[in-house]
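The next block holds one structure in the form of structure tokens; read it before the comments.
The values are calculated or read from the model by the stated rules, or taken from the named source; none is laboratory data. Since the model is a prediction, treat every value here as computed from it, not as a measurement. Every residue, glycine as well, gets a Cβ built from its backbone with ideal geometry; the counts of neighbours run over all protein chains shown. Surface accessibility is based on the protein's heavy atoms, side chains included, excluding ligands, DNA and RNA. Shrake-Rupley method; radii C 1.70, N 1.55, O 1.52, S 1.80 Å.
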Amino acid sequence: ISSPFYGEALHGIETRLDAAGYIPLFVSGHWQEAEERKALEALMSRRVDGLIVLAGSLSNQALQQYAKAVPMVVLGRELKGPQLFSFGFDNQAGALLATRHLVDCGHTRIAYIAGDPVHQDALDRHAGYKAALKQAGLKLDPALVVMGDYTEAAGLLAVNRLLDAGNPFTAIFAANDQMAIGAALGLYRRGVRVPDDVSLVGFDDLAPAKFAIPPLTTVRQSVYEMGDQAASAMLDLLRGEAPQVALPPPQLVPRESTRRLQR
């Protein structure tokens, strides 16, 4: 709940439900299967009208079982079933845009700070990074891929690992803005200038990206709108209607953290 990403989504859910006369109850499972099950059981015990699940680590089968008892909307998964609707953002296309932007700027040694593979969106963004390299005729260098966990601290640690390894790179694509901001701090502390020495791209276009130093080039997905659409889909289910959800496609937002490679 404290995450700036989920905070925006929850705000979108709250605003849409409030306008329809519903009051949301928010609980967090902390990406732990037992905690998520406990949270859903607590909500069910309060006789909620519906459940909105933002990704999570519970199995698809477990979520489908809950959906048999109460209408459910799941964000970031592909699920089917009665009283169940799921949708997500095109993370692979967004990551392809981010990596292609760096390629278009002349970079061929592009490091990647990946998200935790427990998240489907992390897998999709990694796939987009690899697809963009392949399309550009660039060989994937596993030494330039460092795992993270979507936090600022992970971005800082990833940059330290990349620099300590000594493998040359001129650009970094981080799988979310929080890791990109952490990476920027790590580069600053090591005397590496952004974008003069290393170009940097994030993903999400959260509010802090606009105010980072330098402002962060990133891929925009409207997290608020994702929450709003999740709530809208739930209202459709409660009315017995098929949800109509339309998320905007990913969009590259170029800012001052990237520049054309100077040879």
note = Projected convex hull area of the stretch 178-263, Cα atoms, direction-averaged, in nm², equals 6.6 nm²
Solution diffusion estimate, µm²/s, Stokes-Einstein, the stretch 103-164, Kirkwood Rh from C-alpha pairs, 10 °C, viscosity 1.306 mPa s = 129 µm²/s
task = List the lysines whose Cα lies under 22 Å from the Cα of LYS38, skipping any in the same chain that are fewer than 8 positions away.
result = LYS68
request  = Give the long-range amide H neighbours of ILE52: residues separated by 5 or more places, or on another chain, with amide H under 5 Å away, using H modelled in the peptide plane at 1.01 Å from N.
outcome  = VAL73
key: Only Lys, Arg (+1) and Asp, Glu (-1) charged, at Cβ; the chain dipole about Cα centre in debye   = 700 debye
Amide H partners (placed H, <5 Å) of SER86, local residues excluded = VAL74, LEU79
request  = Once you have the Kirkwood Rh of the stretch 5-98 from its Cα pairs, apply Stokes-Einstein at 10 °C and 1.306 mPa s and quote D in µm²/s.
outcome  = 111 µm²/s
The stretch 104-235: C-alpha pair distances exceeding 17 Å, % = 58 percent
Accessible surface, the chain, averaged per residue in Å² (probe 1.4 Å) = 49 Å²
Amide H partners (placed H, <5 Å) of THR217, local residues excluded = GLY202, ARG255, GLU256, SER257, THR258
inquiry  = Can you divide the C-alpha Rg of the stretch 36-177 by 2.2 N^0.38 Å and report the result to two decimal places?
reply    = 1.30
query = Cβ under 13 Å from ALA42's Cβ, ALA42 left aside: what net charge do those residues give with Lys, Arg +1 and Asp, Glu -1?
reply = +1
Sites matching trypsin sites (Lys or Arg not before Pro) across the stretch 1-84 that sit in DSSP coil, with at most 13 neighbouring C-beta atoms within 10 Å = ARG46, ARG47, LYS68, LYS80
task = Ratio to report: Rg/Rh of the chain, with Cα atoms as the point set and Rh obtained by the Kirkwood method; give two decimals.
result = 1.02
request  = Can you tell me the relative contact order of the stretch 215-263? Whole percent, Cα pairs under 8 Å, sequence separation 6 or more.
outcome  = 56 percent
ask   = Among all the lysines, which ones have a C-alpha under 18 Å from LYS130's C-alpha, if same-chain residues fewer than 8 places away are not counted?
value = LYS139
ask   = Carbon-plus-sulfur fraction of the accessible area of the chain, 1.4 Å probe, in percent?
value = 53 percent
message = Would you work out the Kirkwood radius for the stretch 213-263? I mean one over the mean of 1/r across all pairs of different Cα atoms, in Å.
response = 13.6 Å
